[in-house]
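Visitor: One structure, as structure tokens, below. Some questions next.
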Amino acid sequence: MLLAIDIGNTLTKFGIFENDSLYRRMQIPTIRNQTADEIYNATVIESVHAVIISSVVPELKNAYLELCRKYYNLKPIYVDVAFDFNLKIVYSPPENLGVDRLTAAFAAVEKYGAPCIVGDFGTATTIDVVNSQREFLGGIIAPGMQMMSEALFLKTSQLPKIKIEKPESVIGNSTIKSIEAGIYFGYIGLVDGVIERMIGELDETPKVIATGGFANLIAESSEKIELVDDNLLLEGLRLIYKSKLGG
């Protein structure tokens, strides 16, 4: 079985694939000083024949190398921007492009075709564009909804911290409801406005895919997002292993 690991800023997701099927999925908080033993005890994953990893947290690389060596007797495949994603990268410089963005774009093109727009809604938000010639054109990076909420709480004296959820009305009749509405509906406006501009510049009709922790919440009110794929990055890692490495 193949173990795919997506190490994000807030959560680390694990997917165990048997052939092409996702057999088991789990997630743990991303803790930057976590040891290999702690990661294993939190996941207890056994009997894998290969490990492929995408990470935006370089501080954890040694821990995951040790995890694979000690518990799986394997050397993991660390995906980076030097991999052949079968995309032409129109981004400068390409080495500054996050591997999570490339993996999500690759997975979206392989699963849903090009052109496409891929939104990854987590700690930060990225929305990226691939045209019909399979050119990765780039996109936007913005603070995620939780980050916006925390910034409002930390940078003001009297505004409370809130839970991110869809409010009943855009007109908030209390301070908490006003913040909820501002963050949620303001974010929907950001997402749909950005995607609309992207489609206008692309001059093609793309499929619009969302993934990440806030994807379902945002897609609920978005007029532009067509589908949510919660396992897009894990599937991307599986596809990379299968198509590029003979898995």
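Visitor: Does at least one position in the stretch 29-49 carry a residue that is within 23 Å of Phe85 (Cα to Cα), surrounded by fewer than 18 Cβ atoms within 10 Å (Cβ to Cβ), free of Cβ contacts under 8 Å to residues at least 60 places away in the same chain and out of contact with any helix residue (DSSP H, G or I) (no Cβ under 9 Å at 6 or more places or on another chain)?
Guide: Checking the stretch 29-49: not a single residue is within 23 Å of Phe85 (Cα to Cα), surrounded by fewer than 18 Cβ atoms within 10 Å (Cβ to Cβ), free of Cβ contacts under 8 Å to residues at least 60 places away in the same chain and out of contact with any helix residue (DSSP H, G or I) (no Cβ under 9 Å at 6 or more places or on another chain).
Visitor: Applying the selection to the stretch 196-220, what residues are out of contact with any Asp or Glu (no Cβ under 8 Å at 6 or more places or on another chain) and exposed (fewer than 15 other Cβ atoms within 10 Å of the Cβ)?
Guide: Of the stretch 196-220, the ones out of contact with any Asp or Glu (no Cβ under 8 Å at 6 or more places or on another chain) are 196-206, 213-214, 218-220.
Glu196, Arg197, Gly200, Glu201, Asp203, Glu204, Thr205, Glu220 - these are the residues of the stretch 196-220 that are out of contact with any Asp or Glu (no Cβ under 8 Å at 6 or more places or on another chain) and exposed (fewer than 15 other Cβ atoms within 10 Å of the Cβ).
Visitor: Of the conditions (1) closer than 30 Å to Tyr78 by Cβ; (2) in contact (Cβ under 8 Å) with a residue 24 or more places away in the chain, Tyr187 fails just one. Which one is it?
Guide: Going through (1) closer than 30 Å to Tyr78 by Cβ; (2) in contact (Cβ under 8 Å) with a residue 24 or more places away in the chain one by one, Tyr187 breaks only (1).
Visitor: Further question: Here is a list of conditions, (1) closer than 29 Å to Ala114 by Cα; (2) more than 18 Å from the chain's Cα centre (by Cα); (3) of a type outside the set (A, V, I, L, M), and Pro167 meets all of them except one; can you say which number that is?
Guide: With respect to (1) closer than 29 Å to Ala114 by Cα; (2) more than 18 Å from the chain's Cα centre (by Cα); (3) of a type outside the set (A, V, I, L, M), Pro167 is out only on (1).
Yes or no, residue by residue, for (1) without any contact (Cβ under 8 Å) to a residue 24 or more places away in the chain; (2) of a type in the set (A, V, I, L, M, F, W, C); (3) assigned to a helix (DSSP H, G or I):
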residue: Thr103; (1), (2), (3): no, no, yes
residue: Phe106; (1), (2), (3): no, yes, yes
residue: Lys111; (1), (2), (3): no, no, yes
residue: Gly119; (1), (2), (3): no, no, no
residue: Val129; (1), (2), (3): no, yes, no
residue: Gly139; (1), (2), (3): no, no, no
residue: Gln146; (1), (2), (3): no, no, yes
residue: Ala151; (1), (2), (3): yes, yes, yes
residue: Lys161; (1), (2), (3): yes, no, no
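Visitor: Same structure again: Pairs, please: C-beta under 8 Å, at least 6 apart or cross-chain, first residue over 12 Å from Gly122 (Cα atoms) and in the stretch 213-242, second of a type in the set (Asp, Glu) and surrounded by fewer than 20 Cβ atoms within 10 Å (Cβ to Cβ)?
Guide: Close Cβ pairs (under 8 Å, with a partner that is of a type in the set (Asp, Glu) and surrounded by fewer than 20 Cβ atoms within 10 Å (Cβ to Cβ)) amount to Ser222/Asp192; Glu223/Asp192; Lys224/Asp192; Lys224/Glu196; Gly236/Glu110; Arg238/Asp20; Leu239/Glu110; Lys242/Asp20.
Visitor: Another question, then. Mind checking which residues of the stretch 70-96 are within 17 Å of Val130 (Cβ to Cβ), surrounded by fewer than 21 Cβ atoms within 10 Å (Cβ to Cβ) and in contact (Cβ under 8 Å) with a residue 24 or more places away in the chain?
Guide: Answer for the stretch 70-96, where residues must be within 17 Å of Val130 (Cβ to Cβ), surrounded by fewer than 21 Cβ atoms within 10 Å (Cβ to Cβ) and in contact (Cβ under 8 Å) with a residue 24 or more places away in the chain: Phe83, Asp84, Asn86, Leu87, Lys88, Ile89, Val90, Tyr91.
Visitor: Give the residue that is surrounded by the fewest Cβ atoms within 10 Å (Cβ to Cβ), with candidates limited to residues of the stretch 1-26 that are of a type in the set (S, T, N, Q) and modelled with pLDDT under 95. Can you show your working first?
Guide: First pass over the stretch 1-26, keeping only residues of a type in the set (S, T, N, Q): 9-10, 12, 19, 21.
Then keep just the ones that are modelled with pLDDT under 95; that gives 9-10, 19, 21.
Details: Asn9: 15, Thr10: 16, Asn19: 10, Ser21: 8.
The selected residue is Ser21.
Visitor: Can you tell me which residues in the stretch 1-51 are within 19 Å of Thr211 (Cα to Cα), touching a Phe, Trp or Tyr at 6+ places or on another chain (Cβ under 9 Å) and among the small types (Gly, Ala, Ser)?
Guide: Result: Ala4, Gly15.
Visitor: Just to be sure, is Leu2 touching a His at 6+ places or on another chain (Cβ under 8 Å) and either farther than 26 Å from Leu97 by Cα or in contact (Cβ under 8 Å) with a residue 24 or more places away in the chain (or both)? Break it down stepwise before answering.
Guide: On the way: touching a His at 6+ places or on another chain (Cβ under 8 Å): yes; either farther than 26 Å from Leu97 by Cα or in contact (Cβ under 8 Å) with a residue 24 or more places away in the chain (or both): yes.
The answer is yes for Leu2.
The values are calculated or read from the model by the stated rules, or taken from the named source; none is laboratory data. None of these values were measured; they are calculated from a predicted model. All Cβ positions, even for glycine, are placed from backbone atoms using ideal geometry, and neighbour counts span all protein chains on display.
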